[in-house]
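Worksheet for the structure shown next.
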Amino acid sequence: MTYTCFDVEISNSVAHLRMIRPDRANSMIPEFWTELPLIIEELSRGDDARVVVLSAEGRHFCSGMDLSVFAGSNDVGAQENASHISRQRASFRTTALDLQKSFSCLEESRLPVLTAIQGACIGGGIDMISATDLRYATEDAFFCIHEINIGMTADVGTLQRMPKLVPEGVVRELAYTGRNMSALEAKERGFVNEVYPDQDAMTDAVMSIASEIASKSPMAIWGTKQTLNYGRDHSVADGLEYVATWNAAMFDPDDMAEAFSAQTEDRLAQFPDHRPVRRGI
């Protein structure tokens with residue numbers, strides 16, 4: 001299938017999802033918001049991939065929301081003179097919730113999502129990468145919660161997810177000032193896992209990490225992601241009960257036996273792929 005904003009390649013159980021609008025700094029046009037969740041859902045429900053790498057072509061990773069999105073039918077300024085303003089506002093709220101779902105799919109996917117970031121990662125770009133599992137950057141990368149600079153409150157996930165990744169005081173400063181955070185600072189704060197000298201080095205490293213993840217039991221990886229996400233949003237006691245229930249239902253003794261055998265025989269373990277999830281009953 002051909003997409004306007006993305007290209008997808010799957011090799012050795014790693015799905016490489018690239019944003020392909022470098023001439024517009026990979027800004028998020030209307031098609032972006034429907035294509036991303038569609039692709040992630042298809043990858044997550046299928047059996048071809050075990051991990052996703054999200055990257056971008058060109059000098060910049062993502063410049064955030066494209067101006068064409070702000071010019072849509074839910075323009076707030078145009079609503080002020082409209083009748084039945086509550087219905088207009090409700091429509092705006094519904095649109096915001098739909099945009100949020102476009103990124104929530106990344107953390108809800110049963111596949112880990114790794115992000116490779118170069119150049120600018122602005123506004124909606126931070127909303128997006130905050131919903132991924134692992135983030136890597138080049139030395140020239142920088143991050144900006146740009147919404148405050150255009151007179152609005154970020155509303156697609158940054159203010160909810162980023163404080164779970166870096167100290168809240170840092171997020172507040174970035175969100176209140178709209179300043180740039182360099183890749184090196186982002187690593188110091190724990191927002192990115194590693195910084196690389198250039199895009200080629202970063203891509204090679206991230207693909208290698210993705211391949212390592214893909215070599216593990218996909219059920220164990222899925223359970224680990226689910227448990228980490230659940231524990232992030234709940235108490236330790238709730239998280240412990242959750243993982244006990246998860247393993248009671250999802251633990252696969254055959255995967256463990258294969259892992260032990262592979263270690264004993266000094267070979268790579270071979271685990272079955274996820275079963276495809278069919279739609280409907």
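The values are calculated or read from the model by the stated rules, or taken from the named source; none is laboratory data. As the structure is a prediction and not an experimental result, all values here were calculated from the model. Glycine gets a Cβ as well: all are built from the backbone with ideal geometry, and neighbour counts include every protein chain shown.
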Among the numbered criteria (1) of a type in the set (S, T, N, Q); (2) closer than 17 Å to residue 15 by Cβ; (3) loosely packed, with under 15 Cβ neighbours inside 10 Å; (4) touching a residue at least 12 places away in the same chain (Cβ under 8 Å), which single criterion is violated by residue 208?
(4)
Helices (runs of 4 or more DSSP H) completely within the stretch 197-281 that count 2 or more residues being of a type in the set (Lys, Arg)
218-233
Residues in the stretch 110-122: is at least one closer than 19 Å to residue 22 by Cβ and touching a Pro at 6+ places or on another chain (Cβ under 8 Å)?
no
If you go through 236, 243, 192, 206, the only one that is touching a Gly at 6+ places or on another chain (Cβ under 9 Å) and closer than 26 Å to residue 166 by Cα is 243
Candidate set: the stretch 1-53, residues that are of a type in the set (Gly, Ala, Ser) and within 17 Å of residue 118 (Cβ to Cβ); chosen: the one surrounded by the most Cβ atoms within 10 Å (Cβ to Cβ):
27
What is the one condition in (1) free of Cβ contacts under 8 Å to residues at least 24 places away in the same chain; (2) closer than 15 Å to residue 132 by Cβ that residue 16 does not satisfy?
(1)
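Each row is one residue, and each column tells you yes or no for (1) outside the structural domain of residue 14 (by TED's automatic domain parsing); (2) surrounded by fewer than 17 Cβ atoms within 10 Å (Cβ to Cβ); (3) on the phi > 0 side of the Ramachandran plot.
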{"position": "172", "(1), (2), (3)": "no, yes, no"}
{"position": "177", "(1), (2), (3)": "no, yes, no"}
{"position": "183", "(1), (2), (3)": "no, no, no"}
{"position": "195", "(1), (2), (3)": "no, no, no"}
{"position": "202", "(1), (2), (3)": "no, no, no"}
{"position": "242", "(1), (2), (3)": "yes, yes, no"}
{"position": "245", "(1), (2), (3)": "yes, yes, no"}
{"position": "253", "(1), (2), (3)": "yes, yes, no"}
{"position": "272", "(1), (2), (3)": "yes, yes, no"}
Of all residues in the stretch 80-129 being in a helix (DSSP H, G or I) and either basic (Lys, Arg) or in contact with a Lys or Arg (Cβ under 6 Å, 6 or more places away or on another chain) (or both), the one that is nearest to residue 162 (Cα to Cα)
129
Going through the stretch 1-54 one residue at a time, which ones are small (Gly, Ala, Ser) and assigned to a strand (DSSP E or B)?
11, 15
Among the residues in the stretch 216-235, are any more than 18 Å from residue 107 (Cα to Cα), among the acidic types (Asp, Glu) and under 23 Å from the mean Cα position of the chain (by Cα)?
no
Hits in the stretch 47-73 - residues which are at pLDDT below 95, polar (S, T, N, Q) and closer than 18 Å to residue 27 by Cβ
68
Residues in the stretch 110-132: is at least one surrounded by fewer than 21 Cβ atoms within 10 Å (Cβ to Cβ), farther than 16 Å from residue 53 by Cα and either touching a strand residue (DSSP E or B) at 6+ places or on another chain (Cβ under 6 Å) or in the same structural domain as residue 15 (by TED's automatic domain parsing) (or both)?
no
Within the stretch 133-160, residues among the aliphatic types (A, V, I, L, M), surrounded by 20 or more Cβ atoms within 10 Å (Cβ to Cβ) and assigned to a strand (DSSP E or B) come out as 137
